[in-house]
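Beneath this line is the structure, given in structure tokens, with notes to follow.
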Amino acid sequence: MLQVKVKTRAVWELLARKNMTQNELGRRAEVSSGHLSQLINGERFPSPAVRQRLMNALAPVNFDDIFEIKEESDGRGTGANESRTEGAARGRPADSGAAHRTGVRQG
């Protein structure tokens, strides 16, 4: 199953460039400070609605600027935990659905 994770470093860099605090980002994205902290630290995964609100609050940004797609481990040691971009860097196919990533689903 695919999960979308916040790119921690990218979000912190954007906040610094915009002179915005984490609390201000939460307010603009309508996300509690506690939930936002969990998202930024990779403890939770943002829903499509939260992803869109974060992108709007940090605009102008693209999906790939602040999120990465991860596959949950299937326990078979197949590299399922690496991000799509890491896989592409190793010669594996990258995700081609960049235009519709705010609602990532795999079925």
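The values are calculated or read from the model by the stated rules, or taken from the named source; none is laboratory data. Since the model is a prediction, treat every value here as computed from it, not as a measurement. Every residue, glycine as well, gets a Cβ built from its backbone with ideal geometry; the counts of neighbours run over all protein chains shown.
Being part of a loop (DSSP other than H, G, I, E, B) and surrounded by 15 or more Cβ atoms within 10 Å (Cβ to Cβ) is true for just one of Val50, Val31. Which residue is that?
Val31
Which residues, taken from region 6-27, are of a type in the set (S, T, N, Q) and more than 16 Å from Arg51 (Cα to Cα)?
Asn19, Thr21, Asn23
Show the residue pairs that are 6+ apart or on different chains and have beta-carbon atoms under 7 Å apart, the first residue being within region 7-18 and under 18 Å from Arg44 (Cβ atoms), the second being acidic (Asp, Glu).
Once the first residue is under 18 Å from Arg44 (Cβ atoms) and sits in region 7-18, its partners that are acidic (Asp, Glu) give Lys7/Glu68; Ala10/Asp65.
Would you point out the residue of region 36-47, among those that are touching a residue at least 12 places away in the same chain (Cβ under 8 Å) and in a helix (DSSP H, G or I), that is farthest from Val61 (Cα to Cα)?
By that ranking, first place goes to Ser37.
Read through the list (1) within 13 Å of the chain's Cα centre (by Cα); (2) surrounded by fewer than 14 Cβ atoms within 10 Å (Cβ to Cβ); (3) in a helix (DSSP H, G or I), then give the number of the only condition that Ala16 fails.
With (1) within 13 Å of the chain's Cα centre (by Cα); (2) surrounded by fewer than 14 Cβ atoms within 10 Å (Cβ to Cβ); (3) in a helix (DSSP H, G or I) applied to Ala16, the lone miss is (1).
In region 1-13, which residues are assigned to a helix (DSSP H, G or I), surrounded by fewer than 16 Cβ atoms within 10 Å (Cβ to Cβ) and not hydroxyl-bearing (Ser, Thr, Tyr)?
Arg9, Trp12, Glu13
Tell me which residues, restricted to region 23-36, are touching a helix residue (DSSP H, G or I) at 6+ places or on another chain (Cβ under 7 Å) and at pLDDT 95 or above.
Asn23, Leu25, Gly26, Arg28, Ala29, Glu30, Val31, Ser32, Leu36
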